[in-house]
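Where a number appears in this text, it was derived from the coordinates with a stated rule and is not lab data. Owing to the predicted nature of the structure, the values given are computational and were not obtained by experimental measurement. We place every Cβ from the backbone using ideal geometry, glycine too, and count neighbours over all the protein chains shown.
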Amino acid sequence: MEIPSNGRFVQPDVVSGHFHLREGDRVADFGAGGGFFLSAFSQSVGGSGRVYALDIQRGLVERLGEIAREKGLTNIEPIWCDLEADGGTKLADGVLDAGVLINTLFQIEDKTTALREIARTIRSGGKFIVIDWTQSFAGIGPQSSQVVTESAARDMVEAAGFSFERSFPTGEYHYGLAFRKA
């Protein structure tokens, strides 16, 4: 499934541009889902970089591996994980230069533990981006009761040990927040 490129939805190349990834970076897509961002991140970090595509759904993790093979993305490593468990990502402390949480925060029940686990894996000074739904839209996105507001997301991420840097445009339905690990 491709994301429409009409500016209404989050675009992988736009997100990657705001992320300022560099050759050799190690980045994790926490809740990688269908792998929409794999190609953009893979290209940004190059052959010496690594993209960890993490998800809790085993079938999606298998599919992420297939997508990487089909597209010849040799720097992608799909990993089954449980963000809501300490050590659940199976990544070492401070191994990442950057991490993203896209359209996933609203789905997490234990947001405090998940954000703490993400913070554990990102090195001091590393980057973290959160993109999520601004509201509930008929037929797409989360239910109203699941929406995490931009200010609530910022507060939660800051409480996990990140410093807010800026917000950025991500399309009609989402907000984007950039942080740096303290």
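What the table shows:
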| item | result |
| --- | --- |
| Spacing of the two label points (7 Å from each Cα toward its C-beta) at ASP93 and GLN146, in nm | 3.4 |
| Dipole axis of the chain (+1 Lys, Arg; -1 Asp, Glu on Cβ), positive-most option in VAL148, LEU21, ILE118 | LEU21 |
| Dipole-positive endmost among ALA32, THR170, VAL95 within region 12-181 (Cβ charges, Cα centre) | VAL95 |
| Debye log10 I(q)/I(0) for region 12-181, one point scatterer per Cα, at q = 0.16 Å⁻¹ | -0.89 |
| 5 angstrom amide H check on ALA28, placed H, neighbours 5+ away | TYR52, ALA98, GLY99, VAL100 |
| Rounded to whole Hz, the Karplus (6.51, -1.76, 1.60) HN-Hα couplings of region 20-27, x for glycine and proline | 6, 6, 10, 3, x, 5, 10, 10 |
| Residues TRP80, TRP133 arranged by fewest to most Cβ contacts within 10 Å | TRP80, TRP133 |
| Computed magnitude of the charge dipole of region 12-181 (debye, nearest 20; Cβ of K, R +1, Cβ of D, E -1) | 400 |
| Spatially close lysines, pair count over the chain: Cα under 19 Å, gap of eight or more or interchain | 4 |
